[in-house]
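Remarks on the structure that follows.
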Amino acid sequence: MRPGLSFKENMQEARRTYPDASQCPVRGVLDQIASKWSVLILSALAERPYRFGELRRDIGDISQRMLTQTLRDLQADGLIERTVFPTTPPSVEYKLSPLGRSFLLPLSAMVDWAFEHFPAIDKARAEFRKEA
C-alpha cells in the first residue's frame, strides 16, 4: 500500500496494475502468511527461537509433515531463519528473521481483531448452522 492512500485507493491501484488478479504479489504473500499454521508458528517464534520438536509440542495439533512444509515455506519467504548446529545428531533451531519481526505488528493487530470479534463471529456461525 502506498502511504497517503486509503485502503480503497490502494486496492483500486492494485487492480489497475495487476488486471490479472492471479499475478498480484499480494496474493502470493497473503497465501502464505495468512495460513493458520504460519500464524501459529510466527507467533511462537515471536517469543524466542525454537527447535523443531519444541514447536511441534507448542502448537500441538500440527502434523510433522505440515510443520516441516510450513517452516520451509516461511524460510523460503525470508520470514524465518534456520540454523543447524554441528552436534551429534545435528540440532536445528528456527527464529524470526528481521523481515519476520517486521510482520509482528500487523500480525498482532490481526490477532487482537480476532479476539475482539470472536464472540460476534461465533454467534454468526451458530445462527448460520441453525439455518442450514
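Scanning the range 57-78 for residues that are surrounded by 16 or more Cβ atoms within 10 Å (Cβ to Cβ) and of a type in the set (Asp, Glu) yields Asp73, Asp77. Meeting the requirement of 2 or more residues that are under 24 Å from Val29 (Cβ atoms) and in contact with a strand residue (DSSP E or B) (Cβ under 6 Å, 6 or more places away or on another chain), the helices (runs of 4 or more DSSP H) wholly within the range 46-132 are 64-76.
Of all the residues in the range 79-127, those that are of a type in the set (S, T, N, Q) and exposed (fewer than 10 other Cβ atoms within 10 Å of the Cβ) number 2.
Among the residues of the range 12-39, those that are open to solvent by less than 70 Å² (accessible area, probe 1.4 Å) and among the aliphatic types (A, V, I, L, M) comprise Ala14, Ala21, Ile33, Ala34, Val39.
Just so you know, in the range 11-42 the residues that are outside any helix (DSSP H, G or I) and either among the acidic types (Asp, Glu) or more than 17 Å from Gly78 (Cβ to Cβ) (or both) include one that is modelled with the lowest pLDDT, and it is Cys24.
Taken residue by residue, the range 118-130 has at least one member that is within 21 Å of Ala46 (Cβ to Cβ) and either modelled with pLDDT of 95 or more or of a type in the set (Ser, Thr, Tyr) (or both).
Against the test of being touching a Cys at 6+ places or on another chain (Cβ under 7 Å) and small (Gly, Ala, Ser), the options Ala14, Ala21, Ala76, Ala34 yield a single qualifying residue, Ala14. Inspect the range 44-56 for any residue being acidic (Asp, Glu), open to solvent by 50 Å² or more (accessible area, probe 1.4 Å) and more than 22 Å from Met110 (Cα to Cα) and give the result as yes or no. Yes: one or more hits.
The values are calculated or read from the model by the stated rules, or taken from the named source; none is laboratory data. Here the structure is a predicted model, which means the values were calculated and not measured. Backbone-built Cβ (ideal geometry, glycine too); neighbour counts: all protein chains shown. Remember, those area values only see protein heavy atoms, side chains included, never the ligands or the DNA or RNA. Shrake-Rupley method; radii C 1.70, N 1.55, O 1.52, S 1.80 Å.
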